[in-house]
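Novice: The structure's right below; bear with me while I get my questions together.
The values are calculated or read from the model by the stated rules, or taken from the named source; none is laboratory data. It should be emphasised that the depicted structure is a prediction, and the values quoted were computed from it without experimental measurement. With ideal geometry, Cβ positions are generated from the backbone for all residues, glycine too; neighbour counts draw on all protein chains shown. The area values use the complete protein model at the heavy-atom level, side chains included, leaving out ligands, DNA and RNA. Shrake-Rupley method; radii C 1.70, N 1.55, O 1.52, S 1.80 Å.
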Amino acid sequence: PCRTSSRSAPSPALVRRTRRRTRTADRSLLSLSRMVTDLVRGHAGEYQRLYVYLRDRYANCVVLTFAQIEDLLGFVLPEPARREAEWWGLGDASSAPHSEQSASWTLASRTATVNLAAQRVVFERAP
């Protein structure tokens, strides 16, 4: 059985105020979202696609080959990425990113562990 409410319908003025506040909150949220996107774009630069991919993964551990990373980015990784573990910025995700490429996983709260021989990178969620 349905219960009937003893409450009366909200007044038209209350409905208008609520809608106005909701629209204002929606605009503020959209503005904040754009600011965050601009901030990330500024730090992650051309590696932003990698940032978005890592940010949107629910798994605590994401393993990608160099080829998969290149497919995501749309360009070939630079030669130092294939030869030097330091290129991958082996710092932790809680520290400030020290390069454009490391910003992509640091901003996504991940650390990168590279295996140069296997051409594979393990991105783990920071604790």
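Novice: Which of the residues spanning region 48-57 are assigned to a helix (DSSP H, G or I) and under 18 Å from Arg125 (Cβ atoms)?
Specialist: First pass over region 48-57, keeping only residues assigned to a helix (DSSP H, G or I): 48-55.
Leu50, Tyr51, Val52, Tyr53, Leu54, Arg55, listed by residue number.
Novice: What pairs come up if the first residue lies in region 105-127 and is of a type outside the set (S, T, N, Q), the second is part of a loop (DSSP other than H, G, I, E, B) and open to solvent by 40 Å² or more (accessible area, probe 1.4 Å), and their beta carbons are under 7 Å apart, counting only those six or more places apart or on different chains?
Specialist: Leu107/Pro97; Glu124/Asn60; Arg125/Asn60; Arg125/Ser109; Ala126/Asp92; Ala126/Ser94; Ala126/Ser109
Novice: Further, regarding this structure: Restricting to region 58-108, give me the number of residues that are at pLDDT 90 or above, in a loop (DSSP other than H, G, I, E, B) and exposed (fewer than 15 other Cβ atoms within 10 Å of the Cβ).
Specialist: Residues flagged as at pLDDT 90 or above, in a loop (DSSP other than H, G, I, E, B) and exposed (fewer than 15 other Cβ atoms within 10 Å of the Cβ) within region 58-108 amount to 8.
Novice: Given the conditions (1) open to solvent by 20 Å² or more (accessible area, probe 1.4 Å); (2) in a helix (DSSP H, G or I); (3) modelled with pLDDT of 80 or more, report the number of the one that Ala117 does not fulfil.
Specialist: (2)
Novice: Continuing with the same structure: Could you give every pair whose Cβ atoms fall below 8 Å, whose first residue belongs to region 48-64 and is touching a residue at least 24 places away in the same chain (Cβ under 8 Å), and whose second residue is in a helix (DSSP H, G or I) and open to solvent by 80 Å² or more (accessible area, probe 1.4 Å), counting only separations of at least 6 or pairs across chains?
Specialist: Cβ pairs passing all conditions: Gln48/Arg41.
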